[in-house]
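Inspection log for the structure reproduced underneath, given as structure tokens.
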Amino acid sequence: MSRRKLKSDRRPQPKPVYREQVPTLQVLNPHAAGIDVHSDNHVVCVGPEQVETFGAYTADLQAIAEHLRQAGVTTVVLESTGVYWIPLFEHLEEQGFQCQLIEPSQLHGCGARPKTDVRDCQWMQRLHTYGLLKPSFRPPETVRALRAYHRQRQSLLQDAARQTQHMQKALEQMNVKLTEVLSDITGASGLRIIEAILHGERNPRMLAELADPQCAKPRAEFVLALQGLWQPEHLFELQQAYDLYQTHRRLIADCEQKLEAALTAQPNRAGDRPLPDKPRRRSKNRVQFEATNALFQALGVDLTEIEGIDVGTALVILAEIGVDVSRFPTEKQFASWLGLCPHTSRSNGRDKRRAPRKSANRVKQALKMCAQAVGRTNTPLGMFYRRIKSRIGGRGACTATAHKLARLVYQMLKYGRDYVKQGMDAYAEKMREQAERFLRRKAAALGYDLAPRATATVN
């Protein structure tokens, strides 16, 4: 039988220690409100128990602004839900409220259970009162207009590229090998040939004469490639794809007019400084107006001086970020916001590196494309790309080089410094000194001294 424990056998429990003063959170935003945004209604909280639900029509947005004004609210926090927050955010900004946008992930661990719209807006209002929410980055109004035009142009370019693929498909189904003799069927020669086909021309010799004489392929090969089968259903598909392509090119031209006007409306930050003279490439998918000087005046620096960054990438940076990068205290935080830094988590005294977070940031995508281009150049950045590629592969080298480009962009925008190019000899000497320091530390750890080899004298 088990012996029952007596009272004297039990260990004495320690007495609870009470703190004399319990620390409390400091109220940073006393006149705060939280709004849970939806497509058909908005739930507004201006106090712990003061919650009201409004609709999503324009009259309801005006009623929300009046309700916040009567409650003495000066700052409002909204949760980013699709694009439904944009009209409410912009309307409240126009009414003089200080608005902040937060990611929904900041509210997941707050303990609002059961999860309801009322509890969500109450948590937002409470956390914002104590300043515990981190607002998302949002550029100023002038940059947002430029960003809207630029994003619309990028969307039209994608639609035009899709119609180009449809034209290629229709030509292949008719066994017209235009892609075998032309690198781009939407160039001047390709469009002339497609227009002639749609107008009824079937003679391959007549079609071959429409190609530019400077094309790499000989005329005999053009004649062989342009002998088709001409099924009517595929001709109909080619006609519709061609019409849509021309429509998208016209819309892109209209969008570029708005983009040029928004770009020239930016304040001149370059002053009277002249634009550095350098050869610049033109591409069909780049903006067709002269944007180099306007970008230099808007940014205050010439980002195209950095190896790999062209006018299109500089326009993406201006449209997505703007000029003021003070929202990011350091260049490391700027690169982390772009998603170009690997995750580092520590457990049991060990650092575990993970891949960078997935992000659809347009600046990140543009810088990674620049990194791939600069990896093929004979520059210090190109040598850096190839050195990292030999160690961790092309994917990691692309991210590492894009990270280096992001830091250069940050330094130029924040401090207004011109880019100083590093010579190949200086970079090679730097790498040699770095390798020598590593060898000296390794030799010292093994108990050896590293000494240079004496050169043999020639009698």
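What's the magnitude of the charge dipole for segment 292-415 around its Cα centre, counting Lys and Arg as +1 and Asp and Glu as -1 at the beta-carbon? Answer in Debye, nearest 20.
Details: 21 positive and 8 negative charges, 217 e Å.
Its charge dipole is roughly 1040 debye.
For R417, what is the net charge nearby, where nearby means another residue's Cβ is under 14 Å from its Cβ and Lys, Arg count +1, Asp, Glu -1? Walk me through the numbers before you get to the answer.
On the way: positive: R269, R273, R407, K414, K421; negative: D302, E305, E331, D418.
Once positives and negatives cancel, what remains is +1.
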Query raised in the report: For the Cα atoms of the chain, what angle does the longest principal axis make with the long axis of helix 380-392, in degrees from 0 to 90, nearest 10?
Result: 70
Query raised in the report: When the dipole is taken about the Cα centre of the chain, and only Lys, Arg (+1) and Asp, Glu (-1) are charged at their Cβ, what size is it in debye, to the nearest 20?
Result: 3600
**Report entry** Residue-wise HN-Hα coupling along segment 199-212, computed from phi with Karplus coefficients 6.51, -1.76, 1.60 (Hz; x: Gly, Pro)
**Finding:** 8, x, 6, 10, 6, x, 5, 5, 5, 5, 5, 7, 6, 5
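Among F89, F438, which comes first, second and so on when ranked by fewest other beta-carbon atoms within 10 Å? Numbers along the way, then the final one.
On the way: F89 20, F438 10.
Ranked by crowding around the Cβ, least crowded first: F438, F89.
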Report task. Among Q365, I392, G312, pick out the residue whose Cα is farthest towards the positive end of the charge dipole of the chain, where Lys and Arg carry +1 and Asp and Glu carry -1 on C-beta, about the Cα centre. Result -> I392
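Looking at the square roots a ≥ b ≥ c of the eigenvalues of the Cα gyration tensor of the chain, which shape do they give, rounded for a/c under 1.5, prolate if a/b is larger than b/c, or oblate? Please report the intermediate quantities before stating the final value.
On the way: a/c = 2.03, a/b = 1.33, b/c = 1.53.
Since a/c reaches 1.5 but b/c is at least a/b, the shape of the chain is classed as oblate.
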Report summary line: Which residues qualify? For C99, with a placed amide H closer than 5 Å and at least 5 residues away or on another chain, they are V76
Report task. Give the Debye-formula value of log10 I(q)/I(0) at each listed q (0.16 Å⁻¹), with one equal scatterer per alpha carbon of segment 32-129, two decimals each. Result -> -0.57
Report summary line: Per the charge dipole of segment 144-263 (beta-carbon charges, Lys/Arg positive, Asp/Glu negative, Cα centre), the residue among H234, Q214, Q158 reaching farthest to the positive end is Q158
Report summary line: Per the rule of 0.36 nm per residue minus the C-alpha distance, extending D117 to R441 adds in nm 110.7 nm
Query raised in the report: In degrees between 0 and 90, to the nearest 10, how far off the longest principal axis of the chain does helix 117-129 point, with axes built from Cα atoms?
Result: 80
Query - Calculated over segment 207-254: convex hull of Cα atoms, volume per residue (Å³) - result: 94
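Count the DSSP beta bridges whose two residues both fall in the chain, then state the antiparallel fraction as a percent rounded to the nearest 5.
Percent antiparallel among DSSP bridges in the chain is about 65.
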Report summary line: Spelling it out for H42: with amide H atoms placed in the peptide plane at 1.01 Å from N, the residues 5 or more places away or on another chain with amide H under 5 Å from its amide H are F54, G55
Report summary line: In order over segment 217-230: 3J(HN,Hα) from phi, Karplus 6.51/-1.76/1.60, θ = phi - 60°, whole Hz, x for each Gly or Pro, gives 7, x, 5, 4, 6, 4, 4, 5, 6, 9, 8, x, 9, 6
**Report entry** Whole-Hz couplings from phi, Karplus 6.51/-1.76/1.60, listed for segment 102-107; x for Gly and Pro
**Finding:** 10, 7, x, 5, 6, 9
Query raised in the report: Residue farthest toward the positive end of the dipole of the chain, with Cβ of Lys/Arg at +1 and Asp/Glu at -1: which of P380, H343, A63?
Result: H343
Requested in this report: Calculate how steeply helix 188-198 sits against the longest principal axis of the alpha-carbon atoms of the chain, using the helix alpha-carbon long axis, and give the answer as 0 to 90 degrees to the nearest 10.
Outcome: 80
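Under unit Cβ charges (Lys, Arg +1; Asp, Glu -1), what dipole magnitude, rounded to 20 debye, does segment 144-263 have relative to its Cα centre?
Numbers: 15 positive and 15 negative charges, 85 e Å.
Result for segment 144-263 is approximately 400 debye, rounded to the nearest 20.
All of the numbers you see were taken from the coordinates with simple rules; none came from a lab. No experiment lies behind these values; they were computed from the predicted model shown. Reconstructed Cβ throughout: ideal geometry from the backbone, glycine too, with neighbour counts over all protein chains shown.
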